[in-house]
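For reference, the structure discussed in these notes is given below.
Nothing in this text is a laboratory measurement; each read-out follows from the coordinates by a stated rule. Values in this document were obtained by computation on a predicted structure and should not be read as measured data. Here the Cβ is made from the backbone with ideal geometry for all residues, glycine too, and neighbour counts use every protein chain on show.
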Amino acid sequence: MGVTPEKKQLFLTKAKEYKTVINKIEEDLSAMVTEQESATEDQKPYYDFKVIDFYMNQITQYLGINQTAQNIMGIKNEESLDEARKLIFKILILIEKLTSTVIDLPLSDVDKEQKKFEQYTDDERYNLIQRLFFQIENIEEAYGNNSKWKLSFVEVKGRAACCARNFLDYKALKAKSDPRMEGYLSRKRLKEIVENSLVEAASEYRKKYEIAGHSQEDMKKAMDLLRAVGRLYILENNAKALDKIKKTLILWKRKMESDAKKQKK
């Protein structure tokens, strides 16, 4: 049975409420971007964080449209999900601009990049990254397992893991290890997100390698993500976990080289 005109009209009425909010956010965003243009160079990165917050709020509204379509008509609203997905990419681009696109960036270089926004607190960093992964999960779940975008979320989560990794204040993590110090809990929680997301993203790229044509780029990204975790384990003096990473990297490299030889035959 198709969607009745009454249900469709009800959905359009409800969706209009969300779109009104989206348009208001867009107006506020435009005004803020204009303000950013006249800001000093050292202040501009903090405006980028405000832009990210606007994008996050718009994503919530687009997800609301999709949920409304599901509730009223029993179907997904692909248009709103596509807009939400595009905003995730905009957020990733902004964070990568603030930090780096390099997955396995040396931690000393990470520290140098973070000097651009050193006043951004550990609580703010944790909240932003936690919200980023929450929104990615919501969008991926809303699309469903049979979505044509399913494999693209491997890249999305890989880039998000890289952003989180290059966003963590490693200098403070080491120097301010006393639980009584400001930001300690947020640093600890963000470190857990970083480690878990890097390992999960590496695993997803490894799976993608198997099911999507044995692309060496996928395997190389998987290994880069693991190496990034390894740098954290070095910082933590976690020899056991680091040894496991090294062994996995050896196995994956051998697998890639073996597959490459088979393809040449």
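Given the options 50, 14, 90, 7, name the one that is in contact (Cβ under 8 Å) with a residue 60 or more places away in the chain and either closer than 21 Å to residue 141 by Cβ or not in a loop (DSSP other than H, G, I, E, B) (or both).
Exactly one residue qualifies, and that residue is 7.
Please determine whether any residue of region 229-249 is under 20 Å from the mean Cα position of the chain (by Cα) and of a type in the set (A, V, I, L, M).
Yes, there is a match, as at least one residue in region 229-249 is under 20 Å from the mean Cα position of the chain (by Cα) and of a type in the set (A, V, I, L, M).
Would you please name the residue that is farthest from residue 136 (Cα to Cα), looking only at residues in region 159-185 that are within 24 Å of the chain's Cα centre (by Cα) and either part of a loop (DSSP other than H, G, I, E, B) or among the acidic types (Asp, Glu) (or both)?
Ranking the candidates gives 183 first.
Return yes when residue 161 is of a type in the set (A, V, I, L, M), within 30 Å of residue 76 (Cβ to Cβ) and surrounded by 23 or more Cβ atoms within 10 Å (Cβ to Cβ) and no when it is not.
yes
Since residue 42 meets every condition but one in (1) touching an Asp or Glu at 6+ places or on another chain (Cβ under 9 Å); (2) outside any helix (DSSP H, G or I), which condition does it not meet?
That leaves (1) as the condition not met.
Give the residues of region 1-36 that are in contact with a helix residue (DSSP H, G or I) (Cβ under 9 Å, 6 or more places away or on another chain), farther than 15 Å from residue 64 by Cβ and not hydrophobic (A, V, I, L, M, F, W, C), sorted by residue number.
4, 7, 8, 26, 28, 35, 36
Considering region 115-158 alone, what residues qualify as being in a helix (DSSP H, G or I) and of a type in the set (Ser, Thr, Tyr)?
126, 143, 152
Across region 93-106, which residue is surrounded by the most Cβ atoms within 10 Å (Cβ to Cβ) among those that are within 13 Å of the chain's Cα centre (by Cα) and part of a helix (DSSP H, G or I)?
Step by step, filter region 93-106, then rank; the result is 95.
Within region 1-34, how many residues are farther than 24 Å from residue 50 by Cβ and of a type in the set (Asp, Glu)?
2
Residue by residue through region 202-226, note down the ones that are buried (at least 16 other Cβ atoms within 10 Å of the Cβ) and charged (D, E, K, R).
204, 206, 208, 218, 220, 221, 224
Among the residues of region 69-79, write down those that are over 10 Å from residue 10 (Cβ atoms), touching a residue at least 40 places away in the same chain (Cβ under 8 Å) and either part of a helix (DSSP H, G or I) or among the basic types (Lys, Arg) (or both).
Across region 69-79, the qualifying residues are 69, 76.
Can you tell me which of (1) over 20 Å from residue 96 (Cα atoms); (2) of a type outside the set (A, V, I, L, M); (3) crowded, with 17+ Cβ neighbours inside 10 Å; (4) free of Cβ contacts under 8 Å to residues at least 60 places away in the same chain is the one residue 66 doesn't meet?
Failing condition for residue 66: (4).
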